[in-house]
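Report on one structure; see the data block that follows.
The values are calculated or read from the model by the stated rules, or taken from the named source; none is laboratory data. Because the structure is a prediction, the values reported are computed rather than measured. Quick note on the areas: whole protein, heavy atoms, side chains included, nothing else; ligands and nucleic acids left out. Shrake-Rupley method; radii C 1.70, N 1.55, O 1.52, S 1.80 Å.
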Amino acid sequence: VVRHADVLRAVAGVRPVARDAAAACRRAARVALYERVVALRDAGVPHVEICEQLNLGHGTVRTWLRAGQFPERAVPTRGP
């Protein structure tokens, strides 16, 4: 399937999206979510309520708030 992905997209009429563009869109969504977390914290909303309102895990919210700035994702590495 991977070898023929371009053909399958063409048959389905789906316009291919560059991987960099898709990654940039996902990063922008994460940055916007991070900014909402920080804004809620600055407004005095408790940690638990931030998690519930934004449907995020406690660890994610805690990590983002401790970071002080948007934490970039690590570059994926291949195993041995």
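Within the stretch 29-73, track down each residue that is open to solvent by 90 Å² or more (accessible area, probe 1.4 Å) and of a type in the set (G, A, S).
The answer is none; no residue qualifies.
Taking the condition of being in a loop (DSSP other than H, G, I, E, B) and modelled with pLDDT under 75, how many residues in the stretch 1-50 meet it?
Residues flagged as in a loop (DSSP other than H, G, I, E, B) and modelled with pLDDT under 75 within the stretch 1-50 amount to 9.
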